[in-house]
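Have a look at the structure below before the remarks.
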Amino acid sequence: MRSMIDVLDFSVEELQELIDTANDIIEHPAAYSERCHGKKLATLFFEPSTRTRLSFEAAMYELGGNVIGFSEAASSSAAKGESVADTAKVISCYADIIAMRHPKEGAPLVAAMNASIPVINAGDGGHNHPTQTLADLLTIYREKGGFENLTLGFCGDLKFGRTVHSLINAMSRYPGTKVVLISPEELKLPSYVKKDVLAAKGVPYVQTTDLEGAMPELDILYMTRVQRERFFNEEDYLRLKDSYILTPEKLKNARKDLSIMHPLPRVNEISVAVDDDPRACYFKQVLYGKYMRMALILKLLKEAGRL
Ligand code: CP
């Protein structure tokens, strides 16, 4: 059964197919409004979410389907000790496809190994967030016209920021990608991502603490929130949370065609004064995420023989 646990589960060609479908949905929404009639998406969210859960739900409704699910572990039988594997088997009796977010790395993979329907990883701990990457890829495609020869600056919590790990995985497959990693010492990109992805794919990268110094060379600036929920102590979070705050002043040496991205939620790391800058793309990312999730649901249901 085909699932999406990691963005690398899909080839570059398949990602382009999703982008093409999403662009077609944007152009011709009415043509898709009944494609999932009679189908059910189960949203199993063991961790808080606004965008991912609601965009999956909006995506399924806009395809003419229905949604069941829960938005916190406390309201599911996980609170009584039910395993992820059993939950996946049970939900397979009720729904056609699952979107799962879980605080434990690997939980959606366990679900996929036990479900008889496709499972989509909607974020697993500090590991991966492939459907945020789908939103990011459509944003980059529409802003830049393609994926080749781009310099991406990732800024903030690169240690726990799962959206960063997934997007680096995805962008490392395109020719000419360069990466600038901007973070405090304690929140540097994990070594396994540097070794297994950047070094393995021969992607040039530099690490720095200096956002303004890196700014002039960037095509894309990907800001991230410091992930409070992954810290072991509050003192460290409070010390690091405002390490980077993007303001109009800090953009003065940025390119005119820079794209400023952020997976959201934002806390302090982008001043609201930046929102009116035409280079700010983070609310477009939110909208594009819904269209990419529609395209993904269609593809996985079709491959599962359920459409
Ligand atoms: N970007 C993202 O995953 O947002 P949520 O946590 O609100 O789903």
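Every number in this text was worked out from the coordinates using simple rules, so none of it is lab data. None of the values given here were measured: they were computed from a predicted structure. Neighbour counts run over all protein chains shown; Cβ positions are idealised from the backbone, glycine included.
Restricting everything to alpha-carbon atoms, can you work out Rg to Rh for the stretch 217-307 with a Kirkwood hydrodynamic radius? We get a ratio of 1.12 for the stretch 217-307. Across every pair of non-identical alpha carbons in the chain, the mean reciprocal distance, once inverted, gives a Kirkwood radius of 19.8 Å. As a rough guide to protection, the peptides 93-103, 3-13 ranked by mean Cβ packing within 10 Å, highest first, stand as 93-103, 3-13.
Do any chymotrypsin sites (Phe, Trp or Tyr not before Pro) in the stretch 223-307 lie in a loop, going by DSSP, with at most 12 other beta-carbon atoms within 10 Å of their beta carbon, and if so which?
Numbers: sites: F231, F232, Y237, Y244, Y282, F283, Y288, Y291; in loops: F231, F232, Y244.
Qualifying residues, ordered by number: F232.
For E249 and A200, the difference between the fully extended length at 0.36 nm per residue and the C-alpha to C-alpha distance is 14.0 nm. Using the average count of surrounding beta-carbon atoms within 10 Å as a protection proxy, the listed peptides 200-207, 57-64 rank, highest first, as 57-64, 200-207. Other residues with beta-carbon under 12 Å from the beta-carbon of A304 carry, at +1 per Lys or Arg and -1 per Asp or Glu, a net charge of +3. Think of each Lys and Arg Cβ as +1 and each Asp and Glu Cβ as -1; about the Cα centre, that makes the dipole of the stretch 168-294 roughly 620 debye.
Taking the convex hull of the alpha carbon positions in the stretch 130-285 and averaging its projected area over all directions gives 8.4 nm².
Here the relative contact order of the chain, from alpha carbon pairs under 8 Å that lie six or more residues apart, stands at 20 percent.
Beyond 24 Å in Cα-Cα separation lie the following of the pairs K178/K290; K40/K290; K194/K299; K40/K299: K178/K290; K194/K299. Here is how the number arises for the chain: DSSP H runs of 4 or more residues each give -39500 (n - 2.57), the sum is divided by the residue count, and the result at 222 nm is -10000 deg cm²/dmol.
Taking label points 7 Å from Cα along the Cα-to-Cβ direction, E27 and R142 give a separation of 1.4 nm. Placing +1 on the Cβ of every Lys and Arg and -1 on the Cβ of every Asp and Glu, with nothing else charged, gives the chain a dipole about its Cα centre of roughly 360 debye. I'd like the distance between the alpha-carbon centres of the stretch 51-108 and the stretch 144-160, rounded to an integer number of Å. Cα centres, the stretch 51-108 to the stretch 144-160: 30 Å.
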